[in-house]
1. Might you check whether a residue that is under 30 Å from Gly292 (Cβ atoms), surrounded by fewer than 24 Cβ atoms within 10 Å (Cβ to Cβ), in contact with a helix residue (DSSP H, G or I) (Cβ under 9 Å, 6 or more places away or on another chain) and free of Cβ contacts under 8 Å to residues at least 40 places away in the same chain occurs anywhere in the stretch 62-76?
2. For residues in the stretch 102-151 being touching a residue at least 12 places away in the same chain (Cβ under 8 Å) and β-branched (Val, Ile, Thr), which is nearest to Cys82 (Cα to Cα)?
3. Do the conditions hold for Leu363, that is, is it crowded, with 23+ Cβ neighbours inside 10 Å and not assigned by TED's automatic domain parsing to the domain that holds Asp468?
4. Is it the case that Asp208 is under 24 Å from Leu375 (Cα atoms), acidic (Asp, Glu) and either more than 23 Å from the chain's Cα centre (by Cα) or outside the structural domain of Ala409 (by TED's automatic domain parsing) (or both)?
5. Among the residues of the stretch 246-291 satisfying the criterion of being in contact with a helix residue (DSSP H, G or I) (Cβ under 7 Å, 6 or more places away or on another chain) and among the small types (Gly, Ala, Ser), which is farthest from Glu51 (Cα to Cα)?
6. Look at the stretch 186-231 and say how many of its residues are surrounded by fewer than 22 Cβ atoms within 10 Å (Cβ to Cβ), closer than 19 Å to Gly50 by Cβ and of a type in the set (A, V, I, L, M, F, W, C).
7. Would you confirm whether any residue within the stretch 80-89 is closer than 19 Å to Arg31 by Cβ and surrounded by 24 or more Cβ atoms within 10 Å (Cβ to Cβ)?
Amino acid sequence: MRAPFVAVCCLALLAAVARGAEPGAAAPRPRPNILWFVVDDMSADFGCYGERLVATPNVDRLAAEGTRFRHAFVTAPVCSPCRSALVTGMYQTTIGAHHHRSGRGVLRIDLPAAVRPLPAILHDAGYWTAIGEGLGGDTPAARRLGKTDYNFRWDESIYDASDWGGRAAGQPFFMQVTLPGGKLRGQGGEATTKLAARARERFGSAVDPAAVTLPPYYPRDPVLLADQAAYLDAVRFTDDHVGQVLARLGREGLLESTLVVFMTDHGISHARGKQFLYDEGTHVPLVVRGPGIPRGAVRDDLVEQIDLAALSLAAAGLDVPEWMQGRDLFAAGYRPRAAVFAARDRCDETVDRLRSVRTPEYLYIRNFLPRRPALQPNAYKDDKAIVQRLRALHAAGGLDPLAERLLFAPERPLEELYAWRTDRHQLENLAADPAHAAVLGEMRTRLADWQAATRDPGPEPEAMVDSDMAVYLEESKGGRRPEIERNIALMKEWAAAGR
């Protein structure tokens, strides 16, 4: 990647931009503020994406006044790898940040020499950088820095504060508004009941569980229906928070000079959603509004969340570094991606390795550990009421054949191939269909070429796993430590057996 040369060039460019125009030169174009909404655990379940059970007027407003992307996908379906990729504009596999909550123990992860997080680049270019809730004021919540969850070692000075309010007069800001999103519904049970009560207090009603729709591989069981209703109430609270931030921008006269981006860090946390490479885990909303952004436009091309770093640099008038793998989605002469890619690796204590490539027609998934079940033991997900209920129904023989096949098969196919535009829930694996043999071969080659070009590493070293697990066990909450220890032992047992 010619790291030293690229790093020097980038720093020289940023210094020049920060100094501003020389005397006698034309006045530089005012730099916009840049505000990202980054939401946890939420799929594209907003009115502008077709959701009709709940109203989402504020995200819908962003879409009406900006550009909405129908087919935006994350490169990792779990928080920390996704956010590590998002803030650098790099595939998490390329920068070594692909294992969830990795580099937290004695062994640490450092970015490649030339790679810098987006806030650091913008900070050096004169931006005030902040990460928080976006509502202003002087409360403990307002003063608290928002969620970062980066897997690599980083300097906290890349963020000036938790809010844009402390910047100098006229100074542009980069603000990440981090929202809990789907995590508002907790792990189920009492948390679900409390969220419904909050919704009735705030909105006058809560979502009726009987009215919700579930993917066809989930049973219409009361526990799952109540969880989905709570999730949709979480969508309402998310939209409400977006509206409060937009109203603040309006009051402060900043809305029209601010590039606003709305997205989530991966799809809904469910059995086949978060942590998996199906649409339920990787398809996210992406809406962009602000100076120079087409109004009321809808884009159908494939985009990745890593593109937002490049898009933001271009909006700030900065060149996109050569090392950055994201692309400016609004660049003159922009050529849409022919394919997008995603990867899932270890999530907490649960070891897995999946890769995918998606073209406009097909989704190909490679399971590198096919002898392990899809729903491997995972303390975080097994603590969810919905997963506990699914496991209980499975044990009692209460699931239909589709749910049994997709959720509880003892092993997975080595390869999966789906016509994702028509098979929106990825129900029919075409990998073994002779009529799709040519497509399968093409997708297999695309994935292998991407892995080679982006330096996708092999399995995680055992020393790194042990280092991270020591911290994870120390920080484990909710009495899950014994379960985590059993799962760690099981992962090692499977690995020793070649699974």
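1. For the stretch 62-76, residues under 30 Å from Gly292 (Cβ atoms), surrounded by fewer than 24 Cβ atoms within 10 Å (Cβ to Cβ), in contact with a helix residue (DSSP H, G or I) (Cβ under 9 Å, 6 or more places away or on another chain) and free of Cβ contacts under 8 Å to residues at least 40 places away in the same chain: absent.
2. First, the residues of the stretch 102-151 that are touching a residue at least 12 places away in the same chain (Cβ under 8 Å): 102-136, 142-151.
Pick out the ones that are also β-branched (Val, Ile, Thr) and you get 106, 109, 115, 121, 129, 131, 148.
Numbers: Val106: 22, Ile109: 15, Val115: 16, Ile121: 19, Thr129: 20, Ile131: 17, Thr148: 11 Å.
Once the filter is applied, the top-ranked residue is Thr148.
3. No: the conditions fail for Leu363.
4. Considered against the rule, which asks whether it is under 24 Å from Leu375 (Cα atoms), acidic (Asp, Glu) and either more than 23 Å from the chain's Cα centre (by Cα) or outside the structural domain of Ala409 (by TED's automatic domain parsing) (or both), Asp208 comes out as no.
5. Filtering the stretch 246-291 for residues that are in contact with a helix residue (DSSP H, G or I) (Cβ under 7 Å, 6 or more places away or on another chain) and among the small types (Gly, Ala, Ser), the one farthest from Glu51 (Cα to Cα) comes out as Ala271.
6. 3
7. Yes, some residue in the stretch 80-89 is closer than 19 Å to Arg31 by Cβ and surrounded by 24 or more Cβ atoms within 10 Å (Cβ to Cβ).
Rundown of residues vs (1) of a type in the set (Ser, Thr, Tyr); (2) touching a residue at least 24 places away in the same chain (Cβ under 8 Å), yes/no style:
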| position | (1), (2) |
| --- | --- |
| Ala438 | no, no |
| Gly441 | no, no |
| Thr454 | yes, yes |
| Pro459 | no, yes |
| Glu462 | no, no |
| Ser467 | yes, yes |
| Val471 | no, yes |
| Gly479 | no, no |
| Trp494 | no, yes |
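The values are calculated or read from the model by the stated rules, or taken from the named source; none is laboratory data. On a predicted model such as this, the values are computed, not experimentally measured, just so you know. In this analysis, Cβ positions are derived from the backbone assuming ideal geometry, glycine residues included, and neighbour counts consider all displayed protein chains.
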